[in-house]
Amino acid sequence: MSGTEWKSAIVGCGSIAQVHGEVLSELKGLGKARPVAFADIKPERAKAMAEKYGGQAYENLEELLDQEAIDVLHICTPHFLHLPMAQAAADRGIRVFTEKPPVISYAQWEEFQNLQDRTQVGICFQNRWNPATAFCRDLLAGGTPGALLGARAFVTWRRDAPYYTESGWRGSLATEGGGALINQAIHTLDLLGQFMGRGKVLGASLSNRHLPGVIEVEDTLEGAIQFPTGRGLFYATTGHCMDAPVFLELCCEKAVLRIEGEEVAVRWQDGTVQREDFSGQHQRLGKSYWGSSHRMCIEAFYDSLRTDGEFPCNIAGVKDTVELMLDLYAHARGEA
């Protein structure tokens, strides 16, 4: 660490890396982080980020790690690379902040968990910081809605053939690990667990309904999950005509809480409806349907480094979500 700022680097300079770069540039102004290096196998992308945010550009992670003394590595690469790149950083005592998913298989997850004894690791489940999420969490903690009875969640987005064919890695089980669940809907699965507790898969199925012959991963996955507080129903597809707001409904003894994008509706037992709209609370980063809390999530990670505190989305903090995701795939693929 140099002075009061953590020297940071980003590997993988695609679309989500732009969000990380923007947040790091803001944290630089607060004296918390300073982006110093960027790496990508497409050199022009790393060079563009280096010119925009300052620092050096590299063509691969190994060269970056050999040339730069960094404190934190942000991993924004294809899914299958998250584990080996996190391990490479840990080998040098570098902290890791990785995009989701941390892994694509049970075998990778077993290895990934070993990192918690070697370095500080954060995983980007930014929707835990969404204002709508926080509002419902506080309302439930206050006890007014009563006990949770069950939940349902829907992610209905659109991903057409070019999204996969032009990426070089999406659509392949070996590199993406899956489709609609692992890439798009994992954040919603994470929120289900945040509200409902650790889940056990009752059954699941998957299919590829609109891109057969183009991708080998699912465009649709559904599952029934038993949580300690009740049953959850989960549905995710990338075969919709648009990227609709995520829908998450929590059924309680005295109220039904419904999150739709950044809006919340609470229907109380007496029929009254309370509505809250959080869409104007802060500036968006990236695509509108990503949610707008990357900034808060990343800042919380750096605050945990500064104070030696615990980051909520560390390895232990995402264990239930990762294992539930892997279990849903195992059931849906007939491997459970």
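The values are calculated or read from the model by the stated rules, or taken from the named source; none is laboratory data. Since the structure is predicted, the reported quantities are computational estimates derived from the model, not experimental observations. Methodologically, a virtual Cβ is constructed for each residue, glycine included, from the backbone with ideal geometry; neighbour enumeration extends over all protein chains shown. Just the protein is used for accessible areas: all its heavy atoms, side chains included, with ligands, DNA and RNA removed. Shrake-Rupley method; radii C 1.70, N 1.55, O 1.52, S 1.80 Å.
Among the residues of the stretch 37-60, those identified as within 24 Å of the chain's Cα centre (by Cα) and not charged (D, E, K, R) are 37, 38, 39, 41, 46, 49, 53, 60.
Within the option set 134, 86, being closer than 30 Å to residue 272 by Cα, within 19 Å of the chain's Cα centre (by Cα) and of a type in the set (Gly, Ala, Ser) holds for one residue only, 134.
It is to be established whether one or more residues within the stretch 104-118 are closer than 22 Å to residue 296 by Cα, open to solvent by 10 Å² or more (accessible area, probe 1.4 Å) and either in contact with a Phe, Trp or Tyr (Cβ under 8 Å, 6 or more places away or on another chain) or touching a residue at least 60 places away in the same chain (Cβ under 8 Å) (or both). No: zero hits. The condition of being within 23 Å of residue 15 (Cβ to Cβ), open to solvent by less than 70 Å² (accessible area, probe 1.4 Å) and at pLDDT below 95 holds for only one of 60, 130, that being 130. Among the residues of this structure, residue 179 does not count as one that is small (Gly, Ala, Ser) and at positive phi. Of the strands (runs of 3 or more DSSP E) entirely within the stretch 155-266, none holds at least 2 residues that are buried (at least 22 other Cβ atoms within 10 Å of the Cβ), without any contact (Cβ under 8 Å) to a residue 24 or more places away in the chain and touching a Pro at 6+ places or on another chain (Cβ under 6 Å). Against the list (1) surrounded by fewer than 19 Cβ atoms within 10 Å (Cβ to Cβ); (2) modelled with pLDDT of 95 or more; (3) not in a loop (DSSP other than H, G, I, E, B), the condition residue 334 fails is (3). Any residue that is open to solvent by less than 10 Å² (accessible area, probe 1.4 Å), assigned to a loop (DSSP other than H, G, I, E, B) and not small (Gly, Ala, Ser) - is there at least one of those in the stretch 312-324? Taking every residue of the stretch 312-324 in turn, at least one turns out to be open to solvent by less than 10 Å² (accessible area, probe 1.4 Å), assigned to a loop (DSSP other than H, G, I, E, B) and not small (Gly, Ala, Ser). Selection of the stretch 48-83 for residues being within 15 Å of residue 97 (Cα to Cα) and either among the small types (Gly, Ala, Ser) or in contact (Cβ under 8 Å) with a residue 60 or more places away in the chain (or both) yields 70, 71, 72, 73, 74, 75, 76, 77, 78, 79, 81. Note on the stretch 107-131: among residues that are more than 17 Å from the chain's Cα centre (by Cα) and part of a loop (DSSP other than H, G, I, E, B), the one that is nearest to residue 197 (Cα to Cα) is 120.
Candidates in the stretch 1-54 are the residues that are open to solvent by 60 Å² or more (accessible area, probe 1.4 Å) and in a loop (DSSP other than H, G, I, E, B); of these, the one that is nearest to residue 95 (Cα to Cα) is 1. Taken together, the residues in the stretch 55-106 that are of a type outside the set (D, E, K, R) and part of a strand (DSSP E or B) amount to 10. Checked against (1) within 23 Å of residue 245 (Cβ to Cβ); (2) in contact with an Asp or Glu (Cβ under 8 Å, 6 or more places away or on another chain); (3) open to solvent by less than 30 Å² (accessible area, probe 1.4 Å); (4) outside any loop (DSSP other than H, G, I, E, B), residue 135 meets all criteria but (3).
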